[in-house]
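Encoded as structure tokens, the structure appears first; notes follow it.
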Amino acid sequence: MELGKDIAAVVTGGASGLGEATARMLAGAGCRVAILDMNAERGEKVAGELGGTFATCDVTDPGSVSEALAAAREAHGQERVTVNCAGIAAGMKTASRKRDSGEVVAHDPGLFQKTITVNLIGTFNVASKSAAGMMEASPLGKDGERGLIIMTSSVAAQDGQIGQVAYAASKGGVLALTLPMARDLSRDGIRVMTIMPGLFYTPMFDGLSEEVRNSLAASVPFPSRLGDPGEYAELVRSICGNPMLNGTGIRLDGALRMAPK
């Protein structure tokens with residue numbers, strides 16, 4: 001798909017991190033960009049800088065997703081590129097002992113459910129509703145492509161660490177969605193891809209000390225640093241431009257394989 005002024009794009013989680021970098025890349029390529037996020041203040045600021053539009057969106061609420069997509073389509077027309085970056089990180093072991101008392105406690109079921117709901121079900125809500133809109137659109141180009149959906153998993157989908165059962169399960173689910181969703185939508189010319197980022201410098205790293213960040217960066221074989229969100233965005237650009245990329249996940253990790261902890 002050739003990016004440009006005729007292409008409308010939607011980015012969830014577009015107010016910061018990987019999503020913001022992607023929104024800026026798409027706008028720089030000439031696309032009409034809509035940012036969907038819970039952070040209205042930041043989302044409106046970024047959208048304003050890009051000449052795009054913002055819609056508040058809770059990806060866990062199908063009604064909120066429908067309203068946000070409707071607002072994006074009213075402003076820019078049917079989206080042809082949808083990038084799902086909205087998500088949360090959670091850490092807790094399957095079962096663990098309290099340090100003070102030695103009491104054994106099971107994983108908080110509410111935390112597990114919330115992580116699955118935001119990362120997996122939220123991604124599906126956006127992807128399925130976006131795909132329904134794309135199916136009504138006219139084909140583009142020689143291959144008859146109608147749209148592209150890119151989802152964000154994580155290397156944790158394959159290398160889940162200690163304390164990442166909820167997060168790894170949610171991101172593994174996103175990865176598992178990729179092929180059957182691409183097969184579901186293939187007859188209508190809609191591609192589906194997933195990116196599995198490794199260690200990228202996003203706002204969630206702001207709470208870590210410089211020592212911890214340096215240690216994490218050193219664990220990446222090459223280049224030995226944290227990834228830049230712009231490098232995620234560049235992979236999005238490459239996926240957009242290569243129609244044979246469909247139905248699979250791509251690790252973006254500098255050859256990192258996560259240790260148990």
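Where a number appears in this text, it was derived from the coordinates with a stated rule and is not lab data. A quick note: this is a predicted structure, and the numbers were derived from the prediction, not measured. Cβ: placed from backbone, ideal geometry, glycine included. Neighbour counts: every protein chain shown.
Note the angle between two axes, namely the Cα long axis of helix 40-50 and the longest principal axis of the Cα atoms of the chain, as a number of degrees from 0 to 90, rounded to the nearest 10.
Helix 40-50 sits roughly 50 degrees off the main axis of the chain.
Amide H of Thr53 versus every other amide H placed in the peptide plane: which residues, excluding those fewer than 5 positions away on the same chain, fall under 5 Å?
Val33, Ala34, Ile35
What does the charge add up to near Ile162, with Lys and Arg as +1, Asp and Glu as -1, over the other residues with Cβ less than 9 Å from its Cβ?
Neighbour charge sum, excluding Ile162 itself: +2.
Give the long-range amide H neighbours of Ile7: residues separated by 5 or more places, or on another chain, with amide H under 5 Å away, using H modelled in the peptide plane at 1.01 Å from N.
Arg32
Starting from the Kirkwood Rh over alpha-carbon pairs, what translational D in µm² s⁻¹ does the range 152-261 have by Stokes-Einstein at 10 °C and 1.306 mPa s?
106
How big is the gap, in Å, between the Cα center of the range 205-261 and the Cα center of the range 14-68?
Cα centroid of the range 205-261 versus Cα centroid of the range 14-68: 22 Å apart.
For helix 229-241, report the angle its Cα long axis makes with the longest principal axis of the Cα atoms of the chain; keep it between 0 and 90° and round to the nearest 10°.
40
Just to check I understand the Karplus step: with θ = phi - 60° and J = 6.51 cos²θ - 1.76 cosθ + 1.60, what whole-Hz values come out for the range 93-100, glycine and proline as x?
For the range 93-100, the Karplus curve yields 6, 4, 8, 8, 9, 6, 5, 6 Hz.
Pulled fully out, how much extra length does the chain show between Asp206 and Glu49, if you take 0.36 nm times their separation in residues and subtract their Cα-Cα distance?
Taking Asp206 through Glu49 to full extension adds about 54.2 nm, to one decimal.
Quick one: Karplus J couplings for the range 222-227, per residue in order, coefficients 6.51, -1.76, 1.60, θ = phi - 60°, nearest Hz, x for Gly and Pro?
Residue by residue, the range 222-227 yields 6, x, 7, 6, 6, x Hz.
Defining a contact as two alpha carbons under 8 Å apart and six or more residues distant in sequence, what relative contact order in percent does the range 8-252 show?
Value for the range 8-252: 19 percent.
Taking every DSSP beta bridge with both residues inside the range 103-250, roughly what % is antiparallel (nearest 5)?
Percentage antiparallel, nearest 5: 10.
Highest first, please rank the peptides 106-114, 131-139, 8-16 by the mean number of other Cβ atoms sitting within 10 Å of their residues.
Highest-to-lowest ranking by the protection proxy: 8-16, 131-139, 106-114.
Looking at the P(r) of the range 11-143, how many percent of alpha-carbon pairs lie beyond 21 Å?
When every Cα pair of the range 11-143 is considered, 47 percent fall beyond 21 Å.
Please list, in chain and number order, the residues 5+ apart from Met151 or on another chain whose amide H is under 5 Å from its amide H, with Hs placed from the backbone.
Placed amide hydrogens put Asn84, Met193, Thr194, Ile195 under 5 Å from Met151.
May I ask for the angle, rounded to the nearest 10°, between helix 62-76 and the longest principal axis of the chain, with both axes built from Cα atoms and the value confined to 0 to 90°?
The answer is roughly 40 degrees.
Holding the Cα-Cα limit at 30 Å, pick out from Lys142/Lys171; Lys129/Lys261; Lys45/Lys93; Lys5/Lys171; Lys114/Lys261; Lys93/Lys129 the pairs that are longer than that.
Lys142/Lys171; Lys129/Lys261; Lys45/Lys93; Lys5/Lys171; Lys93/Lys129
From the phi of every residue in the range 150-155, what ³J(HN,Hα) in whole Hz does the Karplus formula 6.51 cos²θ - 1.76 cosθ + 1.60 yield, where θ is phi - 60° and glycine or proline is x?
Result, rounded to whole Hz: 10, 10, 10, 9, 5, 4.
What percent of all Cα-Cα pairs in the chain falls into each 10 Å bin, going from 0 up to the bin containing the maximum distance?
7, 30, 36, 19, 6, 1, 0
Please give the charge dipole size of the range 8-252, origin at the Cα centre, charges +1 on K and R Cβ atoms and -1 on D and E Cβ atoms. Round to the nearest 20 debye.
Using Cβ point charges on Lys, Arg, Asp and Glu, the range 8-252 gives about 540 debye.
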